[in-house]
Amino acid sequence: MPSPHELTELPEMHTAPVARRFSAAAQHYEQAAHIQKQAASLFDAWLADLHLGTPARIAEIGCGTGLLTRLLHARYPDAALLATDLAPAMLEYCRNTLGATSNIQYQVCDGRAACFDPVPDWIVSAMCFQWFDPLLPVLRHHLAQSRVLAFSLMLDGSFLEWRAAHAQLGLLPGLRTCPDYDTLLQACREMGASRIHAQRISLTEQHANGLLFADSLRIIGADQPRPGYQPINLRPVLRQLQNGVHANYEIGFFCIEK
C-alpha cells in the first residue's frame, strides 16, 4: 500500500509538541500503557464480533507502538496493512516489534487528513482520535475513503477524581476536552452511513497518589495540555489526592459502515 498523501484543509493542530512527547515515550510506553493495552485488546475483539468481513487493505491511524497493529495483523494476516503515526519513534518501535513483514508498511503522517491510495477497506484507530479537534471533519474525510471507519477514543467524564480535586480549589485542569458519547453517536448517525455500531466501556487504573497519576500520563506521552492552558501550582491538588487516585478511563468504540 503506497504512502498516504495529505490534505491541508483542517485547522492547525500543535502537532510538533504532541509528536515530541509521544516519540520521547516510545521506548517505555508499553511498560506503562496498561489501560491502552487492555483497551486495544477489547476493541479488536469487539470489531471481530461485528462480522464485518475480511478486509484486503487496512490503514491504521495513530498506531503508536503497535498495540492494535499486532492484533490486526494476527487476526487478518493476509491483509495489506499500512501503519501510520505522527511520532517517528513510535512508528519505529511498531516496525521493530512486528519485524520484517512484506504486507505491512509504515508512514509518518498527520492522521487527521491523510489520503490513502489505493483506498483501504478499513480505516481503524485506537485511542488516538481524542487528539483531533474538531473531530467531525476528520471522521467525514476518512469515511469518504473507506468502506469501514472504526475507532476507539477517550470520552468526556474520564479522570473524575483528578478533575474534582481541581474543582474544589476553583481550578481547571490541563486535560484536553474529550467528546461526549451521545453527541458523537448522533453525529455519526447523521453522516448517512448504512450501519453504525457503538459501545461505551469504563476502565479504571489505581494510582497510589496524584503525583503518580500525573506521572503515568507523562510516561506515555499523553500529557500535552489543552490549548491555552497556563501551568498552575499543583501542590494543593496533589495534597487532596495523597491517599490514592482511581483514574477512570471512559472509552467509546465506534464503527461506521458505508
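Restricting the range 214-243 to residues that are small (Gly, Ala, Ser) and surrounded by 14 or more Cβ atoms within 10 Å (Cβ to Cβ) leaves a set whose member that is farthest from residue 24 (Cα to Cα) is 214.
When residue 139 is tested against the conditions (1) under 15 Å from residue 255 (Cα atoms); (2) without any contact (Cβ under 8 Å) to a residue 24 or more places away in the chain, the lone failure is (2).
Could you please let me know if residue 182 is out of contact with any helix residue (DSSP H, G or I) (no Cβ under 7 Å at 6 or more places or on another chain) and over 18 Å from residue 35 (Cα atoms)? Answer is yes for this residue.
Among the residues of the range 68-87, count how many are surrounded by fewer than 24 Cβ atoms within 10 Å (Cβ to Cβ) and closer than 19 Å to residue 45 by Cβ. Count: 8.
Among residues of the range 111-129 that are free of Cβ contacts under 8 Å to residues at least 24 places away in the same chain, none has a Cβ under 6 angstrom from a residue that is part of a loop (DSSP other than H, G, I, E, B) at a sequence gap of 6+ or on a separate chain. Take the conditions modelled with pLDDT of 95 or more, surrounded by fewer than 19 Cβ atoms within 10 Å (Cβ to Cβ) and part of a helix (DSSP H, G or I) and apply them to residue 204. Does it pass? No; evaluated as a whole, the condition is false for this residue. When residue 177 is tested against (1) modelled with pLDDT under 95; (2) more than 25 Å from residue 235 (Cα to Cα), exactly one condition is not met: (2).
Pairing each residue of the range 193-221 that is free of Cβ contacts under 8 Å to residues at least 40 places away in the same chain with any residue that is of a type outside the set (Ser, Thr, Tyr) and part of a strand (DSSP E or B), provided the two are 6+ apart or on different chains, yields C-beta distances under 7 Å for 209/245.
Would you mind stating whether residue 149 is in a helix (DSSP H, G or I), closer than 13 Å to residue 256 by Cβ, within 21 Å of the chain's Cα centre (by Cα) and of a type outside the set (Asp, Glu)? No: the conditions fail for residue 149.
Considering 252, 192, the condition of being part of a strand (DSSP E or B) and not aliphatic (A, V, I, L, M) is satisfied by 252 alone. Looking across the range 39-79 at every residue that is more than 19 Å from the chain's Cα centre (by Cα) and of a type in the set (D, E, K, R), the one that is farthest from residue 111 (Cα to Cα) is identified as 49. Residue 163 meets each of the listed conditions (1) among the basic types (Lys, Arg); (2) over 15 Å from the mean Cα position of the chain (by Cα); (3) surrounded by 14 or more Cβ atoms within 10 Å (Cβ to Cβ); (4) modelled with pLDDT under 95 apart from (4). Restricting the range 160-189 to residues that are in a loop (DSSP other than H, G, I, E, B) and polar (S, T, N, Q), which is nearest to residue 216 (Cα to Cα)? Taking the candidates together, the pick is 177. When residue 145 is tested against (1) of a type in the set (S, T, N, Q); (2) free of Cβ contacts under 8 Å to residues at least 40 places away in the same chain; (3) out of contact with any strand residue (DSSP E or B) (no Cβ under 8 Å at 6 or more places or on another chain), just one condition goes unmet, and that condition is (3).
The values are calculated or read from the model by the stated rules, or taken from the named source; none is laboratory data. Quantities reported herein were computed from a predicted structural model and do not represent experimental measurements. Don't worry about glycine lacking a Cβ; one is built from the backbone with ideal geometry, like all the others, and counts go over all protein chains shown.
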